[in-house]
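**Student:** Sharing a structure, written as structure tokens. Questions coming.
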Amino acid sequence: MTYHRQINTVAVVGLGLIGMSWVAYFLARGFKVQGFDPDPEASARTTAYVEKTWPALVALDLVAAQARREDLHISASLDEAIAGADFVQENAPELATVKASVLAEIGRYAPETVPIASSTSALKLTPLVASAPHPERYFLAHPFNPPHLVPLVEVSGGERTSPAVLDWAMWFYRHIRREPVRLKREIHGHIANRLQYVLYNEAARMVLEGVATAEDVDAAVSWGPGMRWALFGPFMTMHLGGGPGGIASAFNKFRDRDAFNTDRAARMVLTPEQEALFIEAVDRAMRGRTIQQLEADRDAALVELYRLKIRHASNATGDE
């Protein structure tokens, strides 16, 4: 099956926070958008949301020359929203039975050549499309809220998803200036939610066990590793933490120290083969850049981020 790369009309099914944000973004990228939600207030709510978010999209230079807010049509029924759409983004409530029903109904109205994405934040795709027609064209496309401002889209298939539609999905989200990542297999929670919930669980435990207050835990993340995470993920962060020797040096430098920590926050003990796997992965991600170049870029970005956080902190407290 070949999935067309000429996309003119996008159907957005489900107009909650995620759906409305997708509507605004798809409009900004120059698509005609057909939205549907059974809530009778969805039309007014979505129109107001687009008006509210449009200035931010303009400021980020994300509004295409051909984009028109008037290209939004809130449909009276699901079949009307799907009619003529080249792509469907589903955003129904995060309930497996509801999503499965909606996805199957979308599939009955959409031609088999139309890709259908589910924005589920944690659920696996396979059971959601078990009764859907042509399950090969369904894929998971989980954005981070709000999608019009946070570029991440996690892309995953189910057991019967066609590799061709996953290739199409990666192309499409890159084409509209998002940052898609592709999972090699299904897993509950995908990538980012699994990571953030591990952090949340430990944060909650430390507060409940009297280690620190919730305010200080939040500050520790926001003013510490959160500053670096805005720029790099955990592997590249460790690479820079190793100094000139990179991540290989970090493994050696921290191995003895980390052996003292044997509670739930203990670092994984890696075999030499596993360490080599991460060393090779980071080397690929460097794309020929030196550690010194990356450190300079990081530090320059941290200066800008620091200034931004100070400004926003001052605005929040009213300080000059």
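**Student:** Which pairs have Cβ atoms under 7 Å, sit 6 or more apart or on different chains, and link a residue in the stretch 176-201 that is surrounded by 12 or more Cβ atoms within 10 Å (Cβ to Cβ) to one that is of a type in the set (Asp, Glu)?
**Tutor:** Val181/Glu154; Leu183/Glu154; His190/Glu154; Ile191/Glu154; Ala192/Glu154
**Student:** Would you please name the residue that is surrounded by the most Cβ atoms within 10 Å (Cβ to Cβ), looking only at residues in the stretch 78-89 that are over 23 Å from the mean Cα position of the chain (by Cα) and part of a loop (DSSP other than H, G, I, E, B)? Don't jump to the end; show me each part of the working.
**Tutor:** From the stretch 78-89, those over 23 Å from the mean Cα position of the chain (by Cα) are 78-85; that's our starting set.
Remaining after also requiring part of a loop (DSSP other than H, G, I, E, B): 83-85.
Numbers: Ala83: 14, Gly84: 12, Ala85: 25.
Here the residue is Ala85.
**Student:** Further question on the same structure: Just checking, how many residues over the stretch 65-101 are more than 20 Å from Phe172 (Cα to Cα) and among the polar types (S, T, N, Q)?
**Tutor:** Counting residues in the stretch 65-101 that are more than 20 Å from Phe172 (Cα to Cα) and among the polar types (S, T, N, Q) gives 4.
**Student:** Given the residues Ala122, Ala164, Ala117, Ala141, which is the only one that is surrounded by fewer than 16 Cβ atoms within 10 Å (Cβ to Cβ), of a type in the set (A, V, I, L, M) and under 20 Å from Ile187 (Cα atoms)? Don't jump to the end; show me each part of the working.
**Tutor:** Working: Ala164 fails: under 20 Å from Ile187 (Cα atoms); Ala117 fails: surrounded by fewer than 16 Cβ atoms within 10 Å (Cβ to Cβ); Ala141 fails: surrounded by fewer than 16 Cβ atoms within 10 Å (Cβ to Cβ).
On inspection, the qualifying residue turns out to be Ala122.
**Student:** Further question on the same structure: Would you say Gly246 is closer than 21 Å to Ala301 by Cα, in contact with a His (Cβ under 8 Å, 6 or more places away or on another chain) and either open to solvent by less than 100 Å² (accessible area, probe 1.4 Å) or of a type outside the set (Asp, Glu) (or both)?
**Tutor:** Considered against the rule, which asks whether it is closer than 21 Å to Ala301 by Cα, in contact with a His (Cβ under 8 Å, 6 or more places away or on another chain) and either open to solvent by less than 100 Å² (accessible area, probe 1.4 Å) or of a type outside the set (Asp, Glu) (or both), Gly246 comes out as yes.
**Student:** Could you tell me which residue of the stretch 272-320 is modelled with the lowest pLDDT, considering only residues that are open to solvent by 40 Å² or more (accessible area, probe 1.4 Å) and of a type in the set (Val, Ile, Thr)?
**Tutor:** Across the stretch 272-320, the extreme among qualifying residues is Thr317.
**Student:** I'm checking my understanding of the structure. Among residues of the stretch 45-72 that are open to solvent by 70 Å² or more (accessible area, probe 1.4 Å) and aliphatic (A, V, I, L, M), which one is farthest from Ile106 (Cα to Cα)?
**Tutor:** Ala59
**Student:** What number of residues in the stretch 97-143 are free of Cβ contacts under 8 Å to residues at least 24 places away in the same chain and either assigned to a helix (DSSP H, G or I) or small (Gly, Ala, Ser) (or both)?
**Tutor:** So the count comes out to 3.
**Student:** Right, something else. Just to be sure before I move on: is Arg205 in a helix (DSSP H, G or I) and either within 30 Å of Gln292 (Cβ to Cβ) or open to solvent by less than 90 Å² (accessible area, probe 1.4 Å) (or both) in the structure I sent?
**Tutor:** In short, no.
**Student:** Return yes when Ala285 is at negative phi, in a helix (DSSP H, G or I) and more than 27 Å from the chain's Cα centre (by Cα) and no when it is not.
**Tutor:** Details: at negative phi: yes; in a helix (DSSP H, G or I): yes; more than 27 Å from the chain's Cα centre (by Cα): no.
Considered against the rule, which asks whether it is at negative phi, in a helix (DSSP H, G or I) and more than 27 Å from the chain's Cα centre (by Cα), Ala285 comes out as no.
**Student:** Let me ask you something else. Going by what's in this entry, would Phe235 be described as out of contact with any Lys or Arg (no Cβ under 8 Å at 6 or more places or on another chain), within 30 Å of Ala313 (Cα to Cα) and either in a loop (DSSP other than H, G, I, E, B) or free of Cβ contacts under 8 Å to residues at least 60 places away in the same chain (or both)?
**Tutor:** yes
**Student:** Here's something else I'd like to know. Would you call Ala24 in contact with a His (Cβ under 6 Å, 6 or more places away or on another chain), farther than 18 Å from Ile106 by Cβ and either open to solvent by less than 20 Å² (accessible area, probe 1.4 Å) or part of a helix (DSSP H, G or I) (or both)?
**Tutor:** Yes; evaluated as a whole, the condition is true for this residue.
**Student:** Trp171 is checked against (1) under 17 Å from the mean Cα position of the chain (by Cα); (2) surrounded by 14 or more Cβ atoms within 10 Å (Cβ to Cβ); (3) not charged (D, E, K, R) and fails just one. What number does that condition carry?
**Tutor:** All conditions pass for Trp171, except number (2).
**Student:** Here's a follow-up. From the list Ala11, Ala65, Ala92, which one is at negative phi, in a loop (DSSP other than H, G, I, E, B), touching a strand residue (DSSP E or B) at 6+ places or on another chain (Cβ under 9 Å) and not basic (Lys, Arg)?
**Tutor:** Ala92
**Student:** Which residues, taken from the stretch 216-274, are within 24 Å of the chain's Cα centre (by Cα) and polar (S, T, N, Q)?
**Tutor:** Ser222, Thr237
**Student:** Taking the options Ser75, Ser101, name whichever one is open to solvent by less than 20 Å² (accessible area, probe 1.4 Å), within 29 Å of Thr161 (Cα to Cα) and small (Gly, Ala, Ser).
**Tutor:** Selected residue: Ser75, the only one of Ser75, Ser101 that is open to solvent by less than 20 Å² (accessible area, probe 1.4 Å), within 29 Å of Thr161 (Cα to Cα) and small (Gly, Ala, Ser).
**Student:** Continuing with this model, one more query. Any chance the stretch 295-310 includes a residue that's farther than 30 Å from Glu209 by Cα and basic (Lys, Arg)?
**Tutor:** Yes: one or more hits.
The values are calculated or read from the model by the stated rules, or taken from the named source; none is laboratory data. None of these values were measured; they are calculated from a predicted model. A quick note on method: Cβ atoms are made from the backbone with ideal geometry, for glycine too, and the neighbour counts reach across all protein chains shown. Protein only, heavy atoms only, side chains kept; ligands, DNA and RNA dropped before computing areas. Shrake-Rupley method; radii C 1.70, N 1.55, O 1.52, S 1.80 Å.
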